[in-house]
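Report on one structure; see the data block that follows.
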Amino acid sequence: MHVRRWLGAVLVAMAIATCSGSAVGAGSASSSTASSASVAATVRAVDLEIYAAASLKAALAMVKETYEAAHPGTSLTVSTDSSAALETKIEQGAPADVFLSADTTNPKKLVDGGFAAGPVVAFAGNLLTVIVPTANPASLRTPADLARRGVKIIAAGDTVPVTKYAGQLVANLAKEPGYPAGFADAYAGNVVSREDNVAAVVTKIALGEGYAGIVYATDAKASDKVTAIDVPASANVPATYGGLVPTASSHAAAAAAFLAWLAGPDGQAVLSTFGFLPPG
């Protein structure tokens, strides 16, 4: 029932109650209370389940605060992990309202598989960097040092988007002037562990469990326990983040509105404060 119609019905009930005495008035009050509960249910707040890449965690804390303040009645519950892991969960029926991936490949899988209620929306960009613990125990100065013998590198798992980007970066660096022959093979030989997501890579480097890792520039900016070693602009690999509304969403309209906001000027303003770039 529309709110306007309900209000009209309540006014009529109140008029009848006034004319019919206290007994009828009590019955009308009971009816009004039930109708009020019905309207409260109609305008009940919407909680959107956001599945997001681990590299978005810090930014989405501010996105949540900003969006909820601007959209009373809508709240965001954010879960972060590897984009690949979240894509699999959605395929298996997880009730996500919005999927925010660190690439466009994983969202496209959902589109191709019939698990998306709309197209992939590019909403952010990123670049790569090399991080080392603040103390920099291996004294690394440039990305070329990643090929030095004994440099313990922490990487992400094969299905994690940053791994694909890092592989492209290493291949590009191998072609840069001054980089040693066999750079890519030496880098691969120095990888001592593979983590579930990029946030885990940052954590291990911050704890000194590895000497270096390739992560997103935003990850380096978000941690005060690691130091970034810039990579040559000519070799860097731009990452494009894509989002969509899964078919499992119970709030498709509200989810689409949030995704449009995130890709629009207000969302971009928040993301940019964390170092994210406009989508390429």
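Quick note: the coordinates plus some simple rules give every number you see, no bench work behind them. For clarity, every value in this text was computed on a predicted model and none was experimentally measured. No Cβ is skipped: glycine too gets one built from the backbone with ideal geometry, and neighbour counts run over all protein chains shown.
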Residue separation times 0.36 nm, minus the C-alpha to C-alpha distance between residue 141 and residue 269: what's the value?
42.8 nm
Simple spin-label model, 7 Å along Cα-to-Cβ: residue 158 to residue 250 in nm?
3.8 nm
Once amide H atoms are placed 1.01 Å from N in the peptide plane, what residues at a sequence separation of 5 or more from residue 237, or on another chain, have their amide H within under 5 Å of its amide H?
128
Taking amide H atoms as placed 1.01 Å from N in the peptide plane, list the residues 5 or more away in sequence, or in a different chain, whose amide H sits under 5 Å from that of residue 74.
46
Once you have a ≥ b ≥ c as the square roots of the Cα gyration tensor eigenvalues for region 52-96, tell me rounded if a/c is under 1.5, and otherwise prolate or oblate according to whether a/b is larger than b/c.
oblate
Take the residue pairs 152/225; 64/152; 64/89 and return only those whose Cα atoms are more than 25 Å apart.
64/152
For residue 45 paired with residue 68, estimate the spin-label separation in nm (one decimal), with each label point 7 Å from Cα along the Cα-to-Cβ line.
0.7 nm
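Suppose the chain between residue 181 and residue 203 were pulled fully straight at 0.36 nm per residue; how much longer would it get relative to their current alpha carbon spacing? Mind dumping the intermediate values first?
Values: separation 22, 0.36 × 22 = 7.92 nm, distance 3.08 nm.
Extra length available between residue 181 and residue 203 comes to 4.8 nm.
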If N is the number of residues in region 193-239, what value comes out of its Cα radius of gyration divided by 2.2 N^0.38 Å?
1.14
List the extent of the Cα atoms of region 123-213 along each of their three principal axes, largest first, rounded to whole Å.
33, 31, 20
The answer for residue 125, listing residues at least 5 apart or on another chain whose modeled amide H is closer than 5 Å to its amide H, is 241, 277
From the phi of every residue in region 98-106, what ³J(HN,Hα) in whole Hz does the Karplus formula 6.51 cos²θ - 1.76 cosθ + 1.60 yield, where θ is phi - 60° and glycine or proline is x?
9, 10, 10, 9, 7, 8, 9, 5, 5
Which ³J(HN,Hα) values in Hz, rounded to whole numbers, follow from the phi angles of region 240-245 under the Karplus curve 6.51 cos²θ - 1.76 cosθ + 1.60, where θ = phi - 60° and Gly and Pro get x?
10, 8, x, x, 7, 9
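Please report, in whole Å³, the volume per residue of the convex hull around the C-alpha atoms of region 150-280. Present the calculation step by step, with values, prior to reporting the outcome.
Values: hull volume 17.6 nm³, N = 131.
Per-residue hull volume (Cα only) is 135 Å³.
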Would you work out the charge dipole size for region 41-87 about its Cα centre, treating the Cβ of every Lys and Arg as +1 and the Cβ of every Asp and Glu as -1, and quote it to the nearest 20 debye?
100 debye
Enumerate the aspartates and glutamates that residue 57 could reach by cross-link, defined here as Cα to Cα under 16 Å, with residues fewer than 8 away along the same chain left out.
49, 65, 81, 103, 196, 219, 224
Give the shape of region 117-174 as rounded, prolate or oblate, defined through the alpha-carbon gyration tensor: a ≥ b ≥ c are the square roots of its eigenvalues, a/c under 1.5 means rounded, and otherwise the shape is prolate if a/b is larger than b/c and oblate if not.
prolate
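Only loop residues by DSSP count here, and only those with at most 10 other Cβ atoms within 10 Å; note down the trypsin sites (Lys or Arg not before Pro) in region 84-155 that meet that. Let's see the in-between values first.
Details: sites: 89, 108, 109, 141, 148, 149, 152; in loops: 141, 148, 149, 152.
In loop regions of region 84-155 (DSSP not H, G, I, E or B), the sparsely surrounded trypsin sites (Lys or Arg not before Pro) are 141, 149.
Please work out the Cα convex hull volume for region 77-228 and give it in Å³ per residue.
Values: hull volume 18.8 nm³, N = 152.
Hull volume normalised by residue count: 124 Å³.
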Can you order the peptides 239-246, 100-107 by their average number of other Cβ atoms within 10 Å per residue, highest first?
239-246, 100-107
Residue-ordered couplings for region 260-276, obtained by feeding phi - 60° into the Karplus form 6.51 cos²θ - 1.76 cosθ + 1.60 and rounding to whole Hz (Gly and Pro as x), are 5, 5, 4, 7, x, x, 5, x, 5, 5, 5, 4, 5, 5, 9, x, 6
Percent RCO, i.e. relative contact order, over region 198-269, from Cα pairs under 8 Å lying at least 6 residues apart
17 percent
